[in-house]
Each structure stands twice: as structure tokens, then as C-alpha cells.
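I have placed the structure first, in the form of C-alpha cells, so that the comments after it can refer back to it.
The values are calculated or read from the model by the stated rules, or taken from the named source; none is laboratory data. No experiment lies behind these values; they were computed from the predicted model shown. Cβ coordinates were reconstructed from backbone atoms using ideal geometry, including for glycine residues, and neighbour counts include every protein chain displayed.
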């Protein structure tokens, strides 16, 4: 009995992305019109800038909270429901803030896409 040869099936975008990583050249999508490719690059740059902003805020939260608690040891004496405020700050506070940061990032990313795609498109009369 002969064994069938396995074949990897990938999309053209995956092949382009992997090729760009090997060569160091930015991956280009050949089926996009030049105006659409430039619009995609603009969207990507703006979304990356927003993501880095959120990442910076996340770093401030996760690194700043322990620094704040070390600078204010009196928070260990303040209790809410028998639990020290410092514990609540570490165990509870980050999660709603993470959700708010994620929602803010998502809204900004979607707004960026809508604003870039709702404008006049090059070649729309084709």
C-alpha cells in the first residue's frame, strides 16, 4: 500500500506574509490596487499606534500599582469587608481596567477602519 503524500494548504496571504518574514521586505498584496494598499498601510500604522498607546497604559497599570502600594503601606491597614484595600487593588482593580482598555482599543480600531473606508475610494467608478 502506497502512502499518500501530505500537502500543506495555505492562503496566498499566508505565503506572502511568510515570504516577507524571510526576506525582511514588507509583504505586499499584489491583488490590491495601489490606493487600497496605501489605505491598508495607513490603517495598520494608526492601529499600531493605538495598540502601543494601550500597551503603554497597561504597563503603567501593571507596574504602577505595585509601586503605589509600596509607596503607601498604610493601605494595608484600610479594610473593606475585612479585606485590605491593597489586596483588593491587586486582585480586583486591574480586571475592569483591562476590559475598559480593550474596549477603548477596539472602538478606536473600528473607528479608524470606518473613517478610512467611508471616504472616497480610488477607482470607485470602475
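Observations
Quick grid of which residues meet (1) in contact with a strand residue (DSSP E or B) (Cβ under 6 Å, 6 or more places away or on another chain); (2) at pLDDT below 80; (3) part of a helix (DSSP H, G or I):
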{"position": "2", "(1), (2), (3)": "no, yes, no"}
{"position": "16", "(1), (2), (3)": "no, yes, yes"}
{"position": "22", "(1), (2), (3)": "no, yes, yes"}
{"position": "38", "(1), (2), (3)": "no, no, yes"}
{"position": "59", "(1), (2), (3)": "no, no, yes"}
{"position": "63", "(1), (2), (3)": "no, no, yes"}
{"position": "68", "(1), (2), (3)": "no, no, yes"}
{"position": "90", "(1), (2), (3)": "no, no, yes"}
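- Of the numbered criteria (1) under 30 Å from residue 12 (Cα atoms); (2) loosely packed, with under 12 Cβ neighbours inside 10 Å, the one residue 71 fails is (1).
- Criterion (under 23 Å from residue 112 (Cβ atoms), outside any helix (DSSP H, G or I) and at pLDDT below 90) met by exactly one of 10, 28: 28
- Residue in segment 99-114 that is in a loop (DSSP other than H, G, I, E, B) and either within 30 Å of residue 40 (Cα to Cα) or at pLDDT below 90 (or both) present: no
- Residues of segment 74-96 classified as loosely packed, with under 14 Cβ neighbours inside 10 Å and either touching a residue at least 24 places away in the same chain (Cβ under 8 Å) or under 27 Å from the mean Cα position of the chain (by Cα) (or both), total: 6
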